[in-house]
1. Which residue pairs have Cβ atoms closer than 9 Å, lie 6 or more positions apart in sequence or on different chains, and pair a first residue in the stretch 91-116 that is in contact (Cβ under 8 Å) with a residue 60 or more places away in the chain and away from the ligand (no atom under 16 Å from the Cβ) with a second residue that is of a type in the set (Gly, Ala, Ser) and not in a loop (DSSP other than H, G, I, E, B)?
2. Any chance the stretch 279-287 includes a residue that's crowded, with 21+ Cβ neighbours inside 10 Å, in contact with a helix residue (DSSP H, G or I) (Cβ under 9 Å, 6 or more places away or on another chain) and modelled with pLDDT of 90 or more?
3. Are any residues in the stretch 130-159 of a type outside the set (S, T, N, Q) and near the ligand (Cβ under 10 Å from one of its atoms), and if so, which ones?
4. Quick one: is PHE101 surrounded by 18 or more Cβ atoms within 10 Å (Cβ to Cβ), at pLDDT 95 or above and either touching an Asp or Glu at 6+ places or on another chain (Cβ under 7 Å) or under 16 Å from CYS255 (Cα atoms) (or both)?
5. Could you tell me whether the stretch 55-67 includes any residue that is among the hydroxyl-bearing types (Ser, Thr, Tyr) and loosely packed, with under 14 Cβ neighbours inside 10 Å?
6. Can you tell me which of ASP269, ASP235 is among the acidic types (Asp, Glu), within 15 Å of the ligand (Cβ to nearest atom), surrounded by fewer than 23 Cβ atoms within 10 Å (Cβ to Cβ) and under 18 Å from THR292 (Cβ atoms)?
7. Cβ-Cβ distance below 6 Å, separation of 6 or more or different chains: which pairs start in the stretch 141-159 with a residue that is within 19 Å of PHE127 (Cβ to Cβ) and end on one that is more than 13 Å from the ligand (Cβ to nearest atom) and in a helix (DSSP H, G or I)?
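The values are calculated or read from the model by the stated rules, or taken from the named source; none is laboratory data. No experiment lies behind these values; they were computed from the predicted model shown. A quick note on method: Cβ atoms are made from the backbone with ideal geometry, for glycine too, and the neighbour counts reach across all protein chains shown.
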Amino acid sequence: ETTDSILDHFNMERIHQIRINSTGTTEAPQVNFKFNTSEVERLRKWVMTYFNPDTDLTVIKSQVQLGQLIRYEVSPKEYANITENFFRLIPESSPLLGKHFRSCAVVGNSGILLGSRCGPQIDSADFVFRCNLAAIEGFVNDVGTKSNFTTMNPSVLPHDYKGCFENISIREKFVKRLRLIHDQILHIPAFVIVNGRRDVEFTNAMIVEHHLPIKASYAPVETTKRMKALWKDADFKTKWPSTGSIMSALAACVCDQIHLYGFYPFGMDKDGREIEYHYYGSARNLPSHNMTEEYRAFQTLHQRKALVLHTEPCN
Ligand code: CDP
């Protein structure tokens, strides 16, 4: 099969053929879902022409030196410094090297999860991805607790843990959240923007000082470029790939059965109920992604049975 024909399955025209109503409800059934293994394989092959988790997920020790300066992707005149803590936490190899899972849940942060009772179903997946250190405590019924791969944009600190540098109780709240990752993976896009420099350093310091058993992973500088290329070749108008879209692409490489939850960038559900932007109510700025465009892509993939897009409450 040529790359062109693979891409053809994701092209814009096809995606626009799928009608979504103003609330963005999926049309395809979500019960008795059967994956189409050739579509799953097609998706994996397509993503892997742009992104290979064995080599592209994280910076590894053999690629950097203590004290090395790494240019930021969107602040190219500024450099991140590989300090002692940083160097210590950079992994020897990708934490997903050679890994493969039967079923995976990718948990997005949409308020559609509130009242969904999807927690047990999410936790029943073999491997669970979560985005941006989203709250778990208080939402276990709806979002579960299992966390094998958690991302954290550095901006999570100023938004959800404002004052953590000075205020001990906020700092403790942050460390408490980090502890919920246990010995699993924390993935930080550390080389995107200089504004996050202090936040990354602080996070690294907390992991080291509190002897947290977390496996750290730091997205290399080219990650956004790879992901942008992936979406662009499928003709999507994405300005900046969202965390959820990056996690879904990663999941496509390592999982046979992908279940997306909390992917719903609309203000209302199909019954007209208001949907919060984040299920945990954090007042982060609206992002510069084009999530409705991404949502259409996920709907297409759902209809092709390459993955399941869960937008209904769970049983
Ligand atoms: O880092 P980013 O701003 O992309 O993500 P977030 O707001 O922490 O949410 C995590 C992911 O959930 C997003 O990247 C989207 O893929 C998804 N999401 C969604 O589909 N609808 C929402 N209302 C909020 C998030």
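1. PRO91/ALA216; PRO91/SER217; SER94/SER217; PRO95/ALA216; PRO95/SER217; LEU96/SER217; PHE101/ALA251
2. Checked the stretch 279-287: at least one residue is crowded, with 21+ Cβ neighbours inside 10 Å, in contact with a helix residue (DSSP H, G or I) (Cβ under 9 Å, 6 or more places away or on another chain) and modelled with pLDDT of 90 or more.
3. ARG130, CYS131, LEU133, ALA134, MET152, VAL156, HIS159
4. Against the criterion (surrounded by 18 or more Cβ atoms within 10 Å (Cβ to Cβ), at pLDDT 95 or above and either touching an Asp or Glu at 6+ places or on another chain (Cβ under 7 Å) or under 16 Å from CYS255 (Cα atoms) (or both)), PHE101 does not qualify.
5. Here is the first cut: in the stretch 55-67, the residues among the hydroxyl-bearing types (Ser, Thr, Tyr) are 55, 58, 62.
Cutting the leftovers down to loosely packed, with under 14 Cβ neighbours inside 10 Å gives us 55, 62.
Yes, some residue in the stretch 55-67 is among the hydroxyl-bearing types (Ser, Thr, Tyr) and loosely packed, with under 14 Cβ neighbours inside 10 Å.
6. Numbers: ASP235 fails: within 15 Å of the ligand (Cβ to nearest atom).
Of the residues listed, the single one that is among the acidic types (Asp, Glu), within 15 Å of the ligand (Cβ to nearest atom), surrounded by fewer than 23 Cβ atoms within 10 Å (Cβ to Cβ) and under 18 Å from THR292 (Cβ atoms) is ASP269.
7. Within 6 Å, the pairs are VAL143/GLY119; GLY144/GLY119; GLY144/ILE122; GLY144/ASP123; LYS146/ASP123.
Residue by residue, here is whether (1) of a type outside the set (A, V, I, L, M); (2) at pLDDT below 90; (3) out of contact with any Cys (no Cβ under 6 Å at 6 or more places or on another chain) holds:
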| site | (1), (2), (3) |
| --- | --- |
| HIS211 | yes, no, yes |
| VAL221 | no, no, yes |
| ASP233 | yes, yes, yes |
| LYS239 | yes, yes, yes |
| ILE246 | no, no, yes |
